[in-house]
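Trainee: This is the structure I want to talk about, given as structure tokens.
The values are calculated or read from the model by the stated rules, or taken from the named source; none is laboratory data. All figures in this text were calculated on a predicted structure; none of them were measured in a lab. Here Cβ is always computed from backbone atoms with ideal geometry, including for glycine, and neighbour counts include all displayed protein chains. Ligands, DNA and RNA are stripped out before the accessible areas are found, and what is left, the full protein with its side chains, is counted by its heavy atoms. Shrake-Rupley method; radii C 1.70, N 1.55, O 1.52, S 1.80 Å.
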Amino acid sequence: MKFDNKIFDVFFSGQIHSYRSYRKDYIDALKTLGGNNVIWTDTIGSQRTRLEYVTTLRRSRIAINFSLSFDMHQLKGRAIEAITCGCLLLETRGGTTADYFVEGEHFQTFSSPDEMLCKIQYFLENHDE
């Protein structure tokens with residue numbers, strides 16, 4: 001994975017209210033990271049344009065994804081977008097992404113805010129991994 005042309009370390013775009021409130025602990029942890037990170041938690045009415053979203057994702061090293069939806073895990077479009085844009089996809093463990101891509105080869109998983117932060121630090125320091 002080429003990190004050379006990337007200017008943002010970590011990217012997240014998504015909501016953290018209602019049934020997505022479990023994400024807040026993860027987002028709070030992300031906000032403690034140093035580096036040049038993009039963390040968008042806009043509501044539906046104030047989301048970024050598609051062009052701004054894709055342009056920023058393409059320029060990011062790591063994209064965070066939460067596969068749990070209302071009552072089940074889903075293969076989210078963000079997972080495919082991140083892989084296509086050349087980001088390292090870092091996603092919550094237990095999702096269906098592993099039905100389509102190989103964990104450890106195409107994406108990595110985490111199951112806690114601490115594990116997520118550890119993996120972010122590791123992969124930012126070890127680009128060749």
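Trainee: Answer yes if at least one residue in segment 39-49 is in a loop (DSSP other than H, G, I, E, B), closer than 20 Å to Leu117 by Cβ and open to solvent by 40 Å² or more (accessible area, probe 1.4 Å), and no otherwise.
Mentor: Yes, that holds for at least one residue.
Trainee: Still on this structure, please answer the following. Return the pairs, sorted by first residue and then second, in which the second residue is among the charged types (D, E, K, R), the first residue lies in segment 58-79 and is surrounded by fewer than 20 Cβ atoms within 10 Å (Cβ to Cβ), the beta carbons are less than 6 Å apart, and the residues are 6+ apart or on different chains.
Mentor: Arg59/Lys6
Trainee: Restricting to segment 57-90, give me the number of residues that are at pLDDT 95 or above, charged (D, E, K, R) and within 10 Å of the chain's Cα centre (by Cα).
Mentor: The qualifying residues number 1.
Trainee: When you check Arg93 against the structure, is it among the basic types (Lys, Arg) and over 17 Å from Val10 (Cα atoms), yes or no?
Mentor: In short, yes.
Trainee: When residues of segment 4-36 are filtered for being in contact with a strand residue (DSSP E or B) (Cβ under 6 Å, 6 or more places away or on another chain) and either on the phi < 0 side of the Ramachandran plot or open to solvent by less than 50 Å² (accessible area, probe 1.4 Å) (or both), how many remain?
Mentor: Summing the residues that are in contact with a strand residue (DSSP E or B) (Cβ under 6 Å, 6 or more places away or on another chain) and either on the phi < 0 side of the Ramachandran plot or open to solvent by less than 50 Å² (accessible area, probe 1.4 Å) (or both) in segment 4-36 gives 9.
Trainee: Next up: For segment 80-111, how many residues meet the condition of being open to solvent by 40 Å² or more (accessible area, probe 1.4 Å) and not in a helix (DSSP H, G or I)?
Mentor: The number of residues fulfilling the criteria is 10.
Trainee: Does Ile120 satisfy being modelled with pLDDT of 90 or more, within 12 Å of the chain's Cα centre (by Cα) and assigned to a strand (DSSP E or B)?
Mentor: no
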